[in-house]
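I have placed the structure first, in the form of structure tokens, so that the comments after it can refer back to it.
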């Protein structure tokens with residue numbers, strides 16, 4: 001499968017601070033990327049996506065940045081809240097419409 | 001609109017036994033997939049179906065799948081092995097996930113002893 005990894009397995013941030021979660025991918029042909037959030041006991045939930053013809057996309061309190069030159073993806077969460085505590089996965093799609101998922105980063109928000 | 005529903009939530013199986021993990025979606029999605037999730041391994045695709053009545057890749061050893069209708073996508077463990085201990089996630093999507101990705105169920109946590 002694809003090599004989709006995350007730089008850090010865990011991340012702790014103070015409530016109200018911004019969080020940045022990183023992801024590296026290896027397939028330069030990948031053209032669609034998604035960030036998922038997984039809370040304990042639940043399945044992954046779609047947060048935001050980005051296509052390879054973009055380098056930035058913003059949602060509500062979240063921003064995804066794509067750097068195709070270094071094959072790097074990041075998720076920025078503004079004003080992190082306790083409800084943001086979860087595991088975050090990046091996923092890439094290349095040929096064959098198959099998604100390859102990273103191993104996840106566990107985000108803990110400290111009140 | 002329940003989304004993707006998986007049953008059971010938890011199950012313990014003895015080696016050699018078989019069981020079926022149930023998955024149902026009510027969103028009229030064509031694509032349905034099964035993933036397994038293991039610590040430190042991310043999500044690994046087991047199998048996917050692009051539409052009812054179709055099977056789109058070779059089924060891995062130890063598993064059996066069927067897609068008789070749009071809504072249901074059961075995964076059968078034929079003769080369970082400890083290596084199949086995992087959290088199994090079912091997902092569905094409208095067009096293979098190219099818009100808004102997949103909708104996942106809450107998972108079945110399976111332990112094979």
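The values are calculated or read from the model by the stated rules, or taken from the named source; none is laboratory data. Quantities reported herein were computed from a predicted structural model and do not represent experimental measurements. Reconstructed Cβ throughout: ideal geometry from the backbone, glycine too, with neighbour counts over all protein chains shown.
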**OP:** Take residue B:64 and decide whether it is at pLDDT below 95 and more than 28 Å from residue A:31 (Cβ to Cβ).
**Re:** yes
Original post:
Which residues, counting only those in the range A:22-61, are away from chain B (no Cβ under 14 Å) and within 30 Å of residue B:109 (Cα to Cα)?
Top reply: A:22
Subject >> Selected residue (only one of B:32, B:27 is touching a strand residue (DSSP E or B) at 6+ places or on another chain (Cβ under 8 Å), in a loop (DSSP other than H, G, I, E, B), at pLDDT 90 or above and farther than 17 Å from residue B:110 by Cβ) >> reply: B:27
Subject >> Residue tally, condition within 9 Å of chain A (Cβ to nearest Cβ) and assigned to a loop (DSSP other than H, G, I, E, B), over the range B:40-60 >> reply: 3
**OP:** Mind listing whichever residues of the range B:77-113 are surrounded by fewer than 20 Cβ atoms within 10 Å (Cβ to Cβ) and within 14 Å of another protein chain (Cβ to nearest Cβ)?
**Re:** B:87, B:94, B:95, B:96, B:98, B:99, B:100, B:106, B:109
**OP:** Quickly run through the range B:61-76 and pick out the residues that are surrounded by 14 or more Cβ atoms within 10 Å (Cβ to Cβ) and not in a strand (DSSP E or B).
**Re:** B:62, B:66, B:67, B:70, B:71, B:73, B:74
